[in-house]
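Before any comments, here is the structure.
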Amino acid sequence: MIQRKQTLFLAVALISFVFLFIFPFANFKLGTEITCNISILTIQNLDGFTELNYMFILMQILTTLFMCLVGATIFTFKKRSLQVRLCAFAVLANIFLIGAMFIMTTMLTNKLQLPKDAMNYLLPAYLPLVTLLLVNFAQRAIRKDEAMVRSLNRLR
């Protein structure tokens, strides 16, 4: 059923990933006046820096893949075994996105020769960790539903 608790977990995970496209996940100060914000799409206030464009493309692909997998998981509520597999792939995409975000910020600090503590991670940087938990909770709930349906089939 579409109104189950795993649907709520997956919907919250999907909405939180939409925030990654809107808000920056990290920032750093360039000099004394300019604050550069890093989002999934680009680096704001740092024109002409194109060395790490492939990382932005990778993060956009992983974010879109995660959102597609979670959306497909929500609407395949009649096929619980497929839902479990889609959740597993969504977890993998999420883990790769977390790695890409933190690797990209590390590479950026090295390229711009910033001090190690110059990078500030904002709240959206931790949203993939929260969604990791939410997708895991949804996967557990789907497995419980599958176990309940199998036990009811045995009683018939």
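Read the figures in this text as sums done on the coordinates, not as results from a lab. The shown structure was predicted, so the numbers you read here are calculated from the model rather than taken from an experiment. Note that each Cβ is placed from the backbone with ideal geometry, even for glycine, and that neighbours are counted across all protein chains shown.
Averaged over every viewing direction, what's the projected area of the C-alpha convex hull for the stretch 71-156? Give it in nm², one decimal, please. Display every interim value, and only then the final one.
Numbers: hull surface 26.6 nm².
The orientation-averaged projected area of the Cα hull of the stretch 71-156 comes to 6.7 nm².
How are the Cα pair distances of the chain distributed, in percent, across 5 Å bins from 0?
Bin by bin from 0 Å, the calculated values are 2, 9, 18, 19, 14, 11, 9, 7, 5, 3, 2, 1, 1, 0, 0.
Rounded to the nearest 20 debye, what is the charge dipole size of the stretch 55-156 about its Cα centre when +1 sits on each Lys and Arg Cβ and -1 on each Asp and Glu Cβ? Mind dumping the intermediate values first?
Details: 12 positive and 3 negative charges, 144 e Å.
With Lys and Arg at +1 and Asp and Glu at -1, about 700 debye.
When Lys and Arg each count +1 and Asp and Glu each count -1, what net charge do the other residues less than 14 Å away from LEU86, Cβ to Cβ, add up to? Could the numbers behind the result be given before it?
On the way: positive: LYS78, LYS79, ARG80, ARG85, ARG143; negative: GLU146.
Around LEU86, the charge tally is +4.
Would you pull out the residues with amide H under 5 Å of LEU30's amide H, same chain only if 5 or more places away, H placed 1.01 Å from N?
For LEU30, the qualifying residues are THR35, CYS36.
Compare the Cα positions of ASN37, SER16, ALA147 along the charge dipole of the stretch 5-155 (+1 at Cβ of Lys, Arg; -1 at Cβ of Asp, Glu; about the Cα centre) and return the one farthest towards the positive end.
Working it through, the farthest residue towards the positive pole turns out to be ALA147.
Bins of 10 Å, beginning at zero and ending with the bin holding the largest distance: percent of Cα pairs per bin for the stretch 5-70, please.
Percent of Cα pairs in each bin: 19, 42, 25, 11, 3.
Under a straight-distance cross-link criterion of Cα-Cα below 30 Å, which lysines are reachable from LYS29, leaving out those fewer than 8 residues away in the same chain?
Result set, ordered by chain and number: LYS111, LYS116.
Would you calculate a helix-derived [θ] at 222 nm for the chain, using -39,500 (n - 2.57) for each DSSP H run of n ≥ 4 and dividing by the full residue count, to the nearest 500?
Numbers: 4 runs with 102 residues, N = 156.
Using -39500 (n - 2.57) per qualifying helix, the result is -23000 deg cm²/dmol.
Give the lysines reachable from LYS79 as a straight Cα distance under 25 Å; neighbours fewer than 8 places away on the same chain don't count.
List returned: LYS5, LYS144.
Please give the FRET efficiency for VAL130 paired with GLN60, using the beta carbon to beta carbon distance and R0 = 22 Å, rounded to the nearest 0.05. Mind dumping the intermediate values first?
On the way: r = 20 Å, r/R0 = 0.90.
Calculated transfer efficiency: 0.65.
Sorted from fewest to most neighbouring beta carbons within 10 Å, what does the list GLU146, GLU51, GLU33 look like? Numbers along the way, then the final one.
Details: GLU146 14, GLU51 10, GLU33 7.
Fewest to most other Cβ atoms nearby, the residues stand as GLU33, GLU51, GLU146.
Which ³J(HN,Hα) values in Hz, rounded to whole numbers, follow from the phi angles of the stretch 118-131 under the Karplus curve 6.51 cos²θ - 1.76 cosθ + 1.60, where θ = phi - 60° and Gly and Pro get x?
6, 7, 10, 8, 9, 4, x, 5, 9, 4, x, 5, 5, 5
If you find the alpha carbon centre of the stretch 1-74 and of the stretch 104-136, how far apart are they in angstrom?
Between the Cα centres of the stretch 1-74 and the stretch 104-136 lies a distance of 11 Å.
Any chance you could run the full-extension gain for CYS68 through ILE95? It's 0.36 nm times the residue separation minus the Cα-Cα distance, nm to one decimal. Intermediate results must be reported in sequence, preceding the final value.
On the way: separation 27, 0.36 × 27 = 9.72 nm, distance 1.55 nm.
Contour length minus Cα-Cα distance gives 8.2 nm.
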